[in-house]
Amino acid sequence: MPVLRILNDKGGEIRRLLPDDLAGRKHISVGRSGDCSVCLKNLPGVGRTVGSHHLSLTRQQDDWWVVDAGSTGNAKAGKRVHEARLGDSDRIKFGSCFLVVGDEVGLSPYSLFYETQIGHIQSEPLWMGRNWIGKSSKNTIKIQDVGSCSRRHACITVERQGFALEDLGSSNGTRVNGKRITKPTRISCGDSFQIGKSRAWIDLNANSEKHFKENTLLKNRYFRLLLLLLIILALMLLRSCLSKPGPKVAAARLPTVPAAWAGHQVSSLNGETRSMTSTASAGNSARNGLGSRGLDRPQTCRKAACVRTTSSLPRVMPT
């Protein structure tokens, strides 16, 4: 039996079981509990998705089998399995970790990049060989925050000659160059494709920082279009507010003196005698803002008002 390795979700090796460690043993327990033969507690990349007693390695004649120990389950080829025989280059996923057979199995220098929402990019490392993709945690790559993705959506095969993309009968399909694929399709590094309605592509791990830096909100075409529409709506609203006429304020109307009284003297209630011509002139000047002094206008208004509103007839004396 070749070497058995336990890797975390980022491909880092956290435990190694050599053939000498397996010799003479028929049962090996794996989990986070200190009672397990292989304890994974507090190791980097081991989350609580790994159970206290997650799985058991059992020897049956000359073969080793992986048996579920009542945990959240183990997965092989993207499907949940209760027990599975271990062969060369096999990869079993349990929780957030992987049990792999042999030293050849490991991560490739490539990652899958995909959009979870406008301007937000996620990346997951790709393994050499087949990578099952979907919303289920049993897949090699669990797609997050993408509602159009199926539980077992697609498969990406990483080979030395390139990549192959295959749809696994998903509801929303997998598209390359805008066309839905029905059979394995060859793609290249950097080619864009769709998982459901989410844009995705493959690139080297070394270029991951470039993608996270370039795919910001301001550089996303959908966000730029939305921002442009909001600016246009704001300008239209501002224009409509400026074009509306303001409320009309009624101008104060000062009392006027009839022209028939012009040239006559009027005796006001307080006994003063003034010429109607001068009174009318003063009132009209006050109304037009032409008074000689600001204090004269209120007095002229009050006297003219007394002349118009008195109940007794004014005494008119010819000049």
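Among Lys41/Lys79; Lys93/Lys135; Lys26/Lys142; Lys142/Lys197, which pairs are too far apart, with a Cα-Cα distance over 24 Å?
Numbers: Lys41/Lys79 26 Å; Lys93/Lys135 15 Å; Lys26/Lys142 33 Å; Lys142/Lys197 16 Å.
In this structure, Lys41/Lys79; Lys26/Lys142 exceed 24 Å between Cα atoms.
In what sequence, highest mean first, do 100-108, 186-194 appear when ranked by Cβ atoms within 10 angstrom?
Values: 100-108: 17.1, 186-194: 15.1.
Answer by packing, highest mean first, reads 100-108, 186-194.
Positive contributions from Lys and Arg (+1) and negative ones from Asp and Glu (-1), summed over other residues with Cβ under 13 Å from the Cβ of Gly102, come out at -2.
With a Förster radius of 22 Å applied to the beta-carbon distance between Thr182 and Ser137, the computed FRET efficiency rounds to 0.25.
Taking amide H positions as modeled 1.01 Å from N, with prolines and chain starts lacking one, the residues under 5 Å from Tyr110 and 5 or more places away or on another chain are Leu126, Asn205.
Taking every alpha-carbon pair in region 1-148 and binning the separations at 5 Å intervals from zero gives 2, 9, 19, 23, 21, 13, 7, 4, 2, 1, 0, 0 percent. In a reduced charge model with +1 at each Lys and Arg Cβ and -1 at each Asp and Glu Cβ, region 1-48 shows a dipole moment near 140 debye about its Cα centre. Inter-label distance, Arg151 to Asp63: 2.7 nm, where each label sits 7 Å from its Cα along the C-beta direction. Surface composition of region 64-205: carbon and sulfur atoms hold 44% of the protein heavy-atom accessible area at a 1.4 Å probe.
Residues with beta-carbon under 13 Å from that of Thr185, excluding Thr185: net charge, scoring Lys, Arg +1 and Asp, Glu -1?
On the way: positive: Arg175, Lys179, Arg180, Lys183, Arg186; negative: Glu166, Asp167, Asp191.
That sum, taken over residues with Cβ under 13 Å, equals +2.
Taking packing as the residue-averaged number of other Cβ atoms within 10 angstrom, the listed peptides 120-131, 28-39 run from highest to lowest as 120-131, 28-39.
The values are calculated or read from the model by the stated rules, or taken from the named source; none is laboratory data. Since this is a predicted model, take the numbers as computed values, not measurements. Here Cβ is always computed from backbone atoms with ideal geometry, including for glycine, and neighbour counts include all displayed protein chains. Ligands, DNA and RNA are excluded from the accessible area calculation, which covers all protein heavy atoms including side chains. Shrake-Rupley method; radii C 1.70, N 1.55, O 1.52, S 1.80 Å.
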